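Report on the structure given below.
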Amino acid sequence: MLKTIFRYPVESILCVLLSALSIVTFSQVVARYIFQAPLSWSEELARFLLLWLAMMSGAYAFKIKAHFALNFMVNSFPKKIQKIISMFVSLLVIFFLLGFVYNSFKFVLGVRGHLAPALQIPMEIPYSACIVGGLLMLFYVSKTFIKGIYSKN
């Protein structure tokens, strides 16, 4: 099992995040409707977990190449043109992600010193999901771009 966790770190993190989100949300429902005592921190934690889950899911989608693409249009071109289009799109995504990560860093630095109201944790922790997810997305799309350069098609 430990071998699997280290072999598939993004997938393992996604499983942990989704499980934690489910447990926190279920706990809130039970506390509110069965015990009539809502938890003060659960909604905030669920929101932060969802942010991390979204960013890590985006990275995972880049890893398995599952993002939306207009393949029916690209496939109408010859193979050589398809490769050029693919490389161009990857390059555009790389530049977008560079800007996203840069602005994420600026934003996280801007919230330095702020605490989450209910959890009392630094706001850098939840918002750093954008940096981590953006860097992972950048890694996977760069990997795809480099593979495209060296492929023979």
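Read-outs throughout are calculated quantities, based only on the coordinates presented, and are distinct from any laboratory measurement. What you see is a predicted model; the values in this text were computed from it and never measured. We place every Cβ from the backbone using ideal geometry, glycine too, and count neighbours over all the protein chains shown.
Summary of values
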quantity: Under 5 Å, built H, 5+ apart or other chain: amide partners of residue 39; calculated: 32
quantity: Fully extended contour minus Cα-Cα distance, from residue 114 to residue 35, at 0.36 nm per residue; calculated: 25.2 nm
quantity: ³J(HN,Hα), Karplus 6.51/-1.76/1.60, whole Hz, each residue of the stretch 10-25, x for Gly, Pro; calculated: 5, 5, 5, 5, 4, 5, 5, 4, 5, 5, 4, 4, 5, 5, 5, 5
quantity: Residue with peak Gaussian network fluctuation, the chain [Cα springs, cutoff 10 Å], from 123, 73, 56; calculated: 73
quantity: Estimated D of the stretch 1-75 in µm² per second, where Rh is the Kirkwood radius over Cα pairs and Stokes-Einstein applies at 20 °C, 1.002 mPa s; calculated: 147 µm²/s
quantity: For residue 116, residues with placed amide H under 5 Å, excluding near neighbours; calculated: 121, 123
quantity: Residue among 133, 58, 113 with the largest mean-square fluctuation in a Gaussian network model of the chain, springs linking Cα atoms under 10 Å; calculated: 113
quantity: FRET efficiency for residue 85 and residue 106, using Cβ-Cβ distance with R0 set to 30 Å, rounded to 0.05; calculated: 0.40
quantity: R0 of 35 Å, Cβ-Cβ distance residue 67-residue 23: FRET efficiency to nearest 0.05; calculated: 0.75
quantity: Lys, Arg +1 and Asp, Glu -1 on Cβ, resulting dipole of the chain about Cα centre, debye, nearest 20; calculated: 880 debye
quantity: Selected from 117, 78, 126 as most flexible by GNM, with the chain as the system and alpha-carbon contacts under 10 Å; calculated: 78
quantity: Integer Hz, Karplus 6.51/-1.76/1.60 couplings in order for the stretch 39-55, x for Gly and Pro; calculated: 7, 6, 9, 5, 5, 5, 5, 4, 5, 5, 5, 5, 4, 4, 4, 5, 5
quantity: Selection from 71, 29, 141 lying farthest towards where the dipole of the chain points positive, charges on Cβ; calculated: 71
quantity: Shape parameters for the chain, alpha-carbon atoms, Rg then Dmax in Å; calculated: 19.7, 64
quantity: Helix-derived mean residue ellipticity, 222 nm - over the chain, DSSP H n ≥ 4, -39500 (n - 2.57), to 500; calculated: -26000 deg cm²/dmol
quantity: The stretch 44-150: relative contact order in percent, alpha carbon pairs under 8 Å with at least 6 residues between; calculated: 44 percent
